[in-house]
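> Below: one structure in structure tokens.
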Amino acid sequence: MILSAGLAGASGATLLPQLADKLQEVYEIPIYSLGVLPAATGEDSRRQQAYAGETLDAVVAATDSLVVFDNALWTKGSEDETDSDVHTRLNETLATRVVRLFKSGETGADRRVAESVVDASELINTFETGGIATLGYATQAIDRPTSSRFGLGLFMQEQAVDETSIIKAIETTVRRAVRGKLTVDVDRSSVQRGLLVTGGPPEWLNRRAIADARSWLAQETGSVEIRGGDMPTPEVDEIVAIVLLTGVGNCERIEELRAAARNEG
């Protein structure tokens, strides 16, 4: 179960820990939280930053893990966008990552199941560290060559894909997901656990390439607890990489908010 709230001073941030406590009394399932940090602009910026710093620890203590989305990070360079466009882009960014993560273990409409399934237990075990979590995401378009049996454009069949192209596409996409813009920027070497989900057409989900990507993520984070799986999506022409990093030990943005709260106090 996921509870979400903005942490900039609205009633949601105050009620979320109380609601989490009540839900844990009723349900024997993990309760996760999704907290949105305020942008660092506007007249009320200082007060919002301080309030977010005050509520962070209460939310972390009340839930099994807090996935953080930093509006300040994601609104950088948005001066040419309207407020409506910015809000739409941020909402789509966050929703895409969260939905893709929690749907990764589902069976597709054609009943294809991943060779390495990411089920609920994998997510729970990754989130089990508690504390702060962040999400990475990247996609890369791929060329899926087809050929006609009779040279007339009829009965199109997929051709075999060069393994080198597959390995390169998976490696590039995973590295962009990890080293690109996370939902909140963190010291990647300070995370305790990680989960990597790689999606795409079944013929592109090379087991060796995915295993190599997991090994690289373990080296990048220094964590020995990196889980992973694949997500076959026959209908798409892209590779997708979803990365969940949990138990974050060092996040500069979080420390800034906590300092703001101390200064206001």
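> Among the lysines, which have Cα under 22 Å from the Cα of residue 103 when same-chain residues fewer than 8 positions away are ignored?
181
> While we're on this one: Treat the count of other C-beta atoms within 10 Å as a stand-in for reagent exposure and order 231, 1 from fewest to most.
By the 10 Å Cβ count, ascending, the order reads 1, 231.
> Next question. Would you mind calculating the relative contact order of the chain from Cα pairs under 8 angstrom and at least 6 residues apart, reporting the percent as a whole number?
23
> Given H placed on each backbone N at 1.01 Å, which residues far from residue 118 in sequence or on other chains put an amide H within less than 5 Å of it?
230
> For the chain, what is the mean residue ellipticity at 222 nm derived from helices alone (per DSSP H run of n ≥ 4: -39500 (n - 2.57); sum divided by total residues; nearest 500 deg cm²/dmol)?
That comes out to -13500 deg cm²/dmol.
> List every residue whose amide H lies under 5 Å from the amide H of residue 4, counting only residues 5 or more places away in sequence or on a different chain, with H placed 1.01 Å from N in the peptide plane.
Counting only residues 5 or more places away or on other chains, the set is 34.
> Can you tell me which of 184-196, 204-216, 78-90 comes out highest on packing, and rank the rest after it, using the mean Cβ neighbours within 10 Å?
Result, highest mean first: 184-196, 204-216, 78-90.
> Would you mind ranking 66, 135 so that the residue whose beta carbon has the fewest other beta carbons within 10 Å leads the list?
Listed from fewest to most nearby Cβ atoms, that is 135, 66.
> Moving to a separate point now. Pull up the DSSP beta bridges for the chain and report the antiparallel fraction as a percent, rounded to 5. Write out the running numbers ahead of the final one.
Details: 18 of 38 bridges.
For the chain, the DSSP antiparallel bridge percentage is about 45.
> Here are a few candidate values for log10 I(q)/I(0) by the Debye sum over Cα atoms at q = 0.07, 0.08, 0.09, 0.14 Å⁻¹: (i) -0.21, -0.28, -0.36, -0.94; (ii) -0.28, -0.37, -0.46, -0.99; (iii) -0.32, -0.41, -0.50, -0.98. Which one was actually calculated from the structure I just gave you?
Computed from these coordinates, log10 I(q)/I(0) by the Debye sum over Cα atoms at q = 0.07, 0.08, 0.09, 0.14 Å⁻¹ corresponds to label (ii).
> Have a look at the DSSP beta bridges in region 120-246 and tell me what percent are antiparallel, nearest 5.
Counting DSSP beta bridges with both partners in region 120-246, the antiparallel share is about 70 percent.
Read the figures in this text as sums done on the coordinates, not as results from a lab. Just so you know, these numbers come straight off a predicted model, no measurement behind them. All Cβ positions, even for glycine, are placed from backbone atoms using ideal geometry, and neighbour counts span all protein chains on display.
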